[in-house]
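See below for the structure under consideration.
The values are calculated or read from the model by the stated rules, or taken from the named source; none is laboratory data. Note that this is a predicted model, so its numbers are computed, not measured. Cβ sites come from the backbone with ideal geometry, for glycine too, and all protein chains shown count toward neighbours. Note: areas computed on protein heavy atoms with side chains; ligands, DNA, RNA excluded. Shrake-Rupley method; radii C 1.70, N 1.55, O 1.52, S 1.80 Å.
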Amino acid sequence: MIYRKPKKEDAANMLQYLKRIGGESDNLTFGSEGLPFTIKQEEEYLDKLSAPCIVAVEDDGTIVGDGSLELGVRRISHSAELGISVCKAYWGKGVGSTIMNMLIQEAKDRGITKINLKVRADNERAKALYKKFGFVKEGYTTRMLKVGDEYFDGELWGLML
Ligand SMILES: CC(C)(COP(=O)(O)OP(=O)(O)OC[C@H]1O[C@@H](n2cnc3c(N)ncnc32)[C@H](O)[C@@H]1OP(=O)(O)O)[C@@H](O)C(=O)NCCC(=O)NCCS
């Protein structure tokens with residue numbers, strides 16, 4: 001397994017990965033349909049991507065994990081919003097922790113002093129990962145996700161660097 005920044009050439013693999021993880025849990029903002037981008041759009045996005053982003057890539061080239069920081073601008077430029085996911089077959093093997101370590105290091109290197117994230121309130125596995133890295137629960141939000149006809153509340157977690 002290697003951990004690296006995604007490249008333009010990963011576009012098709014990345015879109016496939018997003019469909020896979022979208023279908024494996026109801027914790028993300030999309031399902032098995034993935035994200036509505038063409039390979040060309042994804043290529044352009046990855047080509048220009050300057051924000052921290054890490055993918056975990058299996059020996060055969062398949063992406064099995066992904067984490068990124070969305071950087072703030074102007075008066076929130078000291079902060080970033082974190083997103084992370086790992087294919088179900090790889091849960092509990094340290095992939096999420098490795099990605100998290102790399103993102104936190106990159107955030108520190110860039111002078112970011114606060115990482116924020118939103119998580120479904122009942123997503124105990126993700127919350128255990130965040131707690132392990134020192135994140136604390138800072139707030140609560142109702143109806144964060146709507147999956148089918150069902151609403152799910154969310155929690156706001158943060159890490160000061
Ligand atoms: C949340 C997620 C990214 C964690 O990734 P992972 O690769 O399984 O994480 P790790 O193997 O590094 O485990 C991290 C911690 O989770 C906790 N954990 C592991 N297995 C667990 C389980 N069965 N139940 C609860 N917590 C568990 C442990 O604290 C573990 O740390 P430790 O092994 O050092 O004690 C992954 O489960 C995932 O992608 N879930 C679906 C998408 C998602 O929920 N993303 C987050 C949206 S906010």
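Descriptive notes on the structure:
- Probe 1.4 Å, protein heavy atoms only - accessible area per residue of the chain in square angstrom: 57 Å²
- Rotationally averaged projected area of the chain (alpha carbon convex hull; nm²): 9.5 nm²
- Partner lysines for LYS114 [C-alpha distance under 28 Å; skip if fewer than 8 residues away on the same chain]: LYS5, LYS7, LYS48, LYS93, LYS127, LYS131, LYS132, LYS137, LYS146
- For the chain, adding -39500 (n - 2.57) for each run of n ≥ 4 DSSP H residues and dividing by the number of residues yields -9500 deg cm²/dmol at 222 nm.
- For the range 108-128, the residues whose amide N sits under 13 Å from a probe point set 7 Å from the Cα of THR141 along the beta carbon direction are 116-121.
- Partner aspartates and glutamates for LYS8 [C-alpha distance under 14 Å; skip if fewer than 8 residues away on the same chain]: GLU42, GLU43, GLU44, ASP47
- Available extension along the chain between PHE133 and GLN105 is 8.9 nm, counting 0.36 nm per residue and deducting the alpha carbon span.
- Shown are MET100, MET1, whose ranking by accessible area with a 1.4 Å probe and every protein chain present, most to least, is MET1, MET100.
- Each part gets one Cα centre, and for the range 1-60 versus the range 78-110 those centres are 14 Å apart.
- Surface composition of the chain: carbon plus sulfur atoms hold 50% of the accessible area, using a 1.4 angstrom probe and ignoring ligands, DNA and RNA.
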